[in-house]
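The values are calculated or read from the model by the stated rules, or taken from the named source; none is laboratory data. Since the structure is predicted, the reported quantities are computational estimates derived from the model, not experimental observations. Heads up, the Cβs are rebuilt from the backbone with ideal geometry, glycines too, and the neighbour counts pull from every protein chain shown.
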Amino acid sequence: MPTKSSPGPRTSGGAAAARVIAIHTAREELRTQDAFAPDSDKVVASGSTTSRGSGQAMESKYYRNWHLAKTNSEFLVTEFEWALIRLHEAFARWVATSSSVLIDEDIKFSEHMILHVIRMHDRPKNSVTIARMMNRDDVANIQYSLRKLEAANLIVKSREKSGKTFAYTVTEKGNQITQGYADIRSDLLLRAISTIANIDERIAEMTQTIGVLTGIYEEMARSAATFSTQY
């Protein structure tokens, strides 16, 4: 009489990545094939697609009662901010979902990002450097994440020359996980992104613009800290 087989060992990062790629590639190609027309000027606002031309102002009746969008300029900035929020959440889900097939550990999105930062350029990094690279100021939370990554045998720490702080490097297991993610990312995410017309130029321009806006938001945050609560 046949017996119930026990589950086999968990596949390595590379094997899991190959399995995910094989399962999803065909579906992603179909979904993205017609998603972006070369000369499309479609505008998406609040989840709906309209035929309004790029740069054309939306009628004020659609946003005039919105406290964050009293003018067309305010509307555009607010839409940009909501787009950033949605992009961040989508990015976090993508990282968590794609990474979950590579490692059976309670590793959150931010911890996956810290792991990739540590591996960047294959140079050891301490918690302060990691915080600076990620534009974070919650060093205590980063240190907690580092302890989780170390407990999962994804990173290892060593005392720096100063003797006062520790630097972290990825282990062989950490290297396999990050490389597996890179393979999935290349075959799924980047393939889908490549369907957008002139994507290299668009990405470069967006990156530069977001870098400038990051500086503006940082400066305005410092300015806001000096304001009275009765403003």
Condition met for residue 203 (among the β-branched types (Val, Ile, Thr), surrounded by fewer than 15 Cβ atoms within 10 Å (Cβ to Cβ) and part of a helix (DSSP H, G or I)): yes
Matching residues in segment 104-123 - criterion: being of a type in the set (Val, Ile, Thr) and modelled with pLDDT of 95 or more: 114, 117, 118
Cβ pairs under 7 Å, 6+ apart, first in segment 165-192 and aliphatic (A, V, I, L, M), second part of a strand (DSSP E or B): 167/125; 167/157; 167/158; 170/155
Residue match in segment 124-131 (condition: surrounded by 15 or more Cβ atoms within 10 Å (Cβ to Cβ), aliphatic (A, V, I, L, M) and at pLDDT 95 or above): yes
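Residue-wise test of (1) assigned to a loop (DSSP other than H, G, I, E, B); (2) acidic (Asp, Glu); (3) surrounded by fewer than 14 Cβ atoms within 10 Å (Cβ to Cβ); (4) at pLDDT 90 or above.
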| site | (1), (2), (3), (4) |
| --- | --- |
| 57 | yes, no, yes, no |
| 65 | yes, no, yes, no |
| 69 | yes, no, no, no |
| 74 | no, yes, no, yes |
| 81 | no, yes, yes, yes |
| 86 | no, no, yes, yes |
| 89 | no, yes, yes, yes |
Residues being outside any strand (DSSP E or B) and surrounded by 13 or more Cβ atoms within 10 Å (Cβ to Cβ) - total across segment 145-178: 15
Odd one out for residue 107, checked against (1) touching a residue at least 40 places away in the same chain (Cβ under 8 Å); (2) under 16 Å from residue 188 (Cβ atoms); (3) of a type in the set (Val, Ile, Thr): (2)
Filter result (of a type in the set (Ser, Thr, Tyr) and farther than 16 Å from residue 149 by Cβ) within segment 79-137: 97, 98
Test: residue 82 is of a type in the set (Phe, Trp, Tyr) and closer than 23 Å to residue 215 by Cβ: yes
Residue count for segment 91-106, restricted to those that are exposed (fewer than 15 other Cβ atoms within 10 Å of the Cβ) and not hydrophobic (A, V, I, L, M, F, W, C): 5
Out of 183, 138, 187, sole residue that is surrounded by fewer than 16 Cβ atoms within 10 Å (Cβ to Cβ) and in contact with a helix residue (DSSP H, G or I) (Cβ under 8 Å, 6 or more places away or on another chain): 138
Members of segment 101-151 found to be under 25 Å from residue 221 (Cα atoms) and among the hydroxyl-bearing types (Ser, Thr, Tyr), listed by number: 110, 127, 129
